[in-house]
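Single-structure report; data block below.
Please treat every number below as a calculation from the coordinates, not as lab data. Keep in mind it's a predicted model, so treat the numbers as computed, not measured. FYI the Cβ positions are ideal-geometry reconstructions off the backbone, even for glycines, and counts take in every protein chain you see.
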Amino acid sequence: MDATGAYHLRMVQQYEGSKDGESNESKPGALHIITPLVRLQDASMTHVVIVTLPGATPVSQAAALKDHLRRAQIESWAWVINKSIAATGTTDPLLKARLAGERHQTERIANGLAQRTFVLPWLPEPPVGVEALGALV
């Protein structure tokens, strides 16, 4: 992401006629470069939502992503737990056997990984389109 910033900085330096290695920040009228990274770091402009499945491996991978984002000074706004069996209200004995592991991962997310957590049920058909997505809320 910062490659874009480096490119824009180089273009501004050429535009302003600066020499290689010379910073324009101290010059009057120096431009402030807004890169995609700067936008992602600005919580008033960008809400990063991490989507995961409720299994141990997907949650661990999402937690690692959260750590990488935090090192880049990007905070996640919310997490979405997708394809939750618990959210379906199932009474099937085989599916109920999965619920303990899913509940553990949901608690793991809600108790430290996420400020906000949204849980979406396992659906037979993926929600496609505005109406289908609106029905989830």
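Shape class of the range 32-137 from the Cα gyration tensor (axes a ≥ b ≥ c, square roots of the eigenvalues): oblate, since a/c reaches 1.5 or more and a/b does not exceed b/c. FRET efficiency for the pair GLU107 and ARG10, taken as 1/(1 + (r/R0)^6) with r the Cβ-Cβ distance and R0 = 30 Å, rounds to 0.05. Each residue of the range 89-106 in turn: what ³J(HN,Hα) in whole Hz from Karplus with 6.51, -1.76, 1.60 and θ = phi - 60°, glycine and Pro shown as x? Here the 3J(HN,Hα) series is x, 4, 10, 5, x, 5, 5, 5, 5, 6, 5, 4, x, 5, 4, 4, 5, 5 Hz.
The residue among GLY101, LEU133, PRO121 whose Cα reaches farthest toward the positive pole of the charge dipole of the range 94-137, with charges on the beta-carbon of Lys, Arg, Asp and Glu, is GLY101.
Here the range 26-137 is treated with +1 on each Lys and Arg Cβ and -1 on each Asp and Glu Cβ, and its dipole about the Cα centre works out to around 360 debye. Taking amide hydrogens as placed 1.01 Å from N in the peptide plane, the amide H of SER76 sits under 5 Å from that of no residue at least 5 positions away in sequence or on another chain.
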